[in-house]
Structure formats: C-alpha cells, structure tokens
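Peer 1: My questions will all concern the structure given below.
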Amino acid sequence: MAEALLIALYLQVPVVIGGVLHMLAVTRDALPTLRVPLHAGLFGANKTWRGVLLVPLLTAFGALCLWPSEQLLGARAVFTQPLWLAGLVAGFAYVLAELPNSWIKRRLGIAPGVAPSRWVVLGDQLDSGLGVALAYGLLLGQPARVCLLYALTFPLTALLVKRLLYWGRLKQSAV
C-alpha cells in the first residue's frame with residue numbers, strides 16, 4: 001500500500017509542474033491571442049483555448065522532468081510509455097475533466113473563479129484528479145490501486161499547490 005501511495009504521489013508531479021507553469025503563463029498573459037473562452041456561456045470565461053493548448057504541453061514538460069528519476073528506477077520505472085506522451089495524456093485529461101464542473105457551476109449561477117461553498121471547492125479539486133487518475137489507468141495502464149490513491153490524494157495536493165500559488169501572487173484565491 002505504501003508503494004502504491006508513493007507512485008500515486010509521484011504521478012502527480014507532471015500535473016503539478018504543468019499547472020504551476022500554466023498559472024505563470026496566465027499571470028504573465030502569455031499567448032494573449034489564445035485567451036479566448038472555449039464557450040463563455042457553457043464553461044465561463046476562464047476556460048480558454050490557451051489552457052487547452054498549454055496545460056497538456058506543460059504537463060508533458062513536467063513528465064519529461066522525471067526522466068532522471070525514471071532512469072535511476074530502471075526496471076522499476078513508473079512510466080512504461082514515453083514520458084512526453086504520459087504528460088500529454090495527463091494534461092488533456094486534466095483539462096477535459098474540469099469542463100463538466102465548470103458547466104455545472106455556470107448552470108448554478110456561480111461566476112467564473114468564485115467558490116461560494118465547501119461543496120464547490122471539493123468539486124473543484126476532485127474533477128481534475130479523477131480525470132487524470134482515469135487516464136493513467138485506462139490509457140496508460142497504471143494499476144487500479146494507484147489510480148484510486150491518486151484520485152484520493154490529488155485534492156490535497158491541489159489545495160496545497162493553489163495555496164502556494166496564491167502566496168506567490170500567481171493565483172487570485174487560495175482555493
């Protein structure tokens with residue numbers, strides 16, 4: 001169980017790197033021509049084509065950052081496919097998994113970027129973690145136990161990273 005937990009946390013590294021780099025791009029308004037909402041009425045103004053493009057690419061970069069540790073692990077390496085592909089898949093899963101939650105929040109009249117209740121905050125943390133866990137399991141062959149632990153621990157990781165981004169002035173709220 002401890003090994004599965006460590007693997008689940010290790011699998012979060014590319015997503016965290018991709019997410020932090022994406023927030024840096026948002027804060028610095030990189031690629032402003034892609035700051036176009038996918039569909040403002042359905043998902044809100046914060047779900048943009050820039051995010052759809054950058055999050056998978058930056059998460060692929062995050063996965064490539066694990067290359068030295070994967071080499072050290074050798075036969076026990078966590079990723080059995082190219083790191084860039086694993087990161088790309090995780091990044092797309094992250095982006096796609098956020099859309100249903102954004103759609104629900106728009107239907108409830110919750111403004112983009114606003115988290116009015118604990119339940120909405122919980123949903124904001126669960127959606128992407130579940131999406132990436134499913135992608136790691138279904139598309140990349142990670143064991144079910146690792147994927148379950150990923151989905152259960154990712155909300156805590158996400159909240160911690162969001163708090164750090166807030167303190168670093170890269171995010172407007174801590175949740």
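The values are calculated or read from the model by the stated rules, or taken from the named source; none is laboratory data. Please read these numbers as outputs of a predicted model, since none were measured by experiment. Cβ: placed from backbone, ideal geometry, glycine included. Neighbour counts: every protein chain shown.
Peer 1: Among the numbered criteria (1) of a type outside the set (Asp, Glu); (2) loosely packed, with under 13 Cβ neighbours inside 10 Å; (3) over 22 Å from residue 52 (Cα atoms); (4) in contact (Cβ under 8 Å) with a residue 40 or more places away in the chain, which one does residue 149 miss?
Peer 2: Failed condition: (2).
Peer 1: Another question about this same structure. Any idea which of 87, 129, 44, 91 is touching a Lys or Arg at 6+ places or on another chain (Cβ under 7 Å) and not β-branched (Val, Ile, Thr)?
Peer 2: Matching residue, one of 87, 129, 44, 91: 44.
Peer 1: Moving on to the next point. If a residue counts only when it is buried (at least 20 other Cβ atoms within 10 Å of the Cβ), which helices (runs of 4 or more DSSP H) contained entirely in segment 38-104 have at least 3 such residues?
Peer 2: Hits in segment 38-104: 49-64.
Peer 1: Determine the pairs where a residue that is hydroxyl-bearing (Ser, Thr, Tyr), located within segment 51-62, has a partner that is part of a helix (DSSP H, G or I) and crowded, with 22+ Cβ neighbours inside 10 Å with Cβ atoms under 6 Å apart, the partner being 6 or more residues away or on another chain.
Peer 2: As it stands, the answer is 59/14; 59/15; 59/18; 59/87; 59/90; 59/91, since those pairs meet every condition given.
Peer 1: Can you confirm whether segment 9-28 contains a residue that is in contact (Cβ under 8 Å) with a residue 12 or more places away in the chain and on the phi > 0 side of the Ramachandran plot?
Peer 2: Looking for residues that are in contact (Cβ under 8 Å) with a residue 12 or more places away in the chain and on the phi > 0 side of the Ramachandran plot, one finds none in segment 9-28, hence no.
Peer 1: Quick check on segment 1-38: of everything there that is over 16 Å from residue 133 (Cβ atoms) and among the hydroxyl-bearing types (Ser, Thr, Tyr), which residue is nearest to the chain's Cα centre (by Cα)?
Peer 2: 27
Peer 1: So, one more: Going through segment 152-175 one residue at a time, which ones are touching a residue at least 24 places away in the same chain (Cβ under 8 Å) and aromatic (Phe, Trp, Tyr)?
Peer 2: 154
Peer 1: Suppose we keep only residues that are of a type in the set (A, V, I, L, M, F, W, C) and surrounded by fewer than 16 Cβ atoms within 10 Å (Cβ to Cβ) within segment 160-174. Which one would you say is modelled with the lowest pLDDT?
Peer 2: The residue in question is 174.
Peer 1: Does residue 58 satisfy being farther than 19 Å from residue 125 by Cβ and under 12 Å from the mean Cα position of the chain (by Cα)?
Peer 2: Here the answer is yes, as residue 58 does meet what is asked.
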